[in-house]
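Notes to accompany the following structure.
The values are calculated or read from the model by the stated rules, or taken from the named source; none is laboratory data. All figures in this text were calculated on a predicted structure; none of them were measured in a lab. When we count neighbours, we look across all protein chains shown, and the Cβ atoms used for this are built from the backbone with ideal geometry, even at glycine. The protein model used for the area step is the full one, side chains on, heavy atoms only, and it has no ligands, DNA or RNA in it. Shrake-Rupley method; radii C 1.70, N 1.55, O 1.52, S 1.80 Å.
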Amino acid sequence: MVVTPMGLRFLGRVFPMRLGRGGVTLTKREGDGATPAGVHGIVGCLYRPDRLARPCDWAVPIRPGDLWCDDPKHEDYNLMVRAPFAASHEVLRRADPLYDIVLISDWNWPRALHNAGSAIFIHAWRGPGHPTAGCIALHPEDLRWIVARIGFQTRLVVPEGLAAR
């Protein structure tokens, strides 16, 4: 998968997508809203089993109480954790459909550098005009199409040339 100015290119198709509100960056920091440039592995797939069928054979269900730690000072920074959890986190089982399917990138994972950014996912978008907090977002149907065709060797390429200099 390659991020291009026209969209996300994968298997000969180009899909409309949204990046982080901070654009593409070479120096990702927690909370900057930017999408990190580089070549990122896809290390996991999560899904909401109460809303849809398993999208691929390696997808893991999102359960009530599943969270993602985004506290740069916590030892579980940029890892999935369980409630109750006092440190700053994202709720993975959201009321909206944004995280019905989530592809997890290996950005700053599994041994996170503190404050270098967390939870760089590929997930459903709010709509074509809405940026993310640093993730890559796609139309839900496009995301389902892609998830059904990728595997653990798939890479996400965010070219450095897209970063603001």
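List of remarks:
- Protein-only accessible surface order, largest first, of M6, M80, M1 at 1.4 Å: M6, M80, M1
- Element breakdown for the chain at a 1.4 angstrom probe: carbon and sulfur atoms account for 54% of the accessible area.
- A simple charge model with +1 on the Cβ of Lys and Arg, -1 on the Cβ of Asp and Glu and nothing else charged puts the dipole of the chain at about 340 debye relative to its Cα centre.
- Lys/Arg +1, Asp/Glu -1 at C-beta; the chain dipole; positive extreme among I42, H114, G31: I42
- The phi torsions of region 47-56, fed into the Karplus equation with coefficients 6.51, -1.76 and 1.60 and a -60° offset, translate into couplings of 8, 8, x, 7, 10, 7, 6, 4, x, 7 Hz, rounded to whole numbers, with Gly and Pro shown as x.
- Taking amide H atoms as placed 1.01 Å from N in the peptide plane, the amide H of G41 lies under 5 Å from those of D106, L156, each 5 or more residues away in sequence or on another chain.
- From the coordinates shown, semi-axes √(5λ) of the Cα gyration tensor in Å corresponds to which of (1) 22, 20, 14; (2) 47, 16, 11; (3) 26, 19, 14: (1)
- Within region 56-165, DSSP assigns beta bridges of which about 75% are antiparallel (rounded to the nearest 5).
- Most to least packed among 40-47, 62-69, 12-19 [average Cβ atoms within 10 Å]: 40-47, 62-69, 12-19
- Residues of the chain: accessible area per residue with a 1.4 Å probe, Å²: 49
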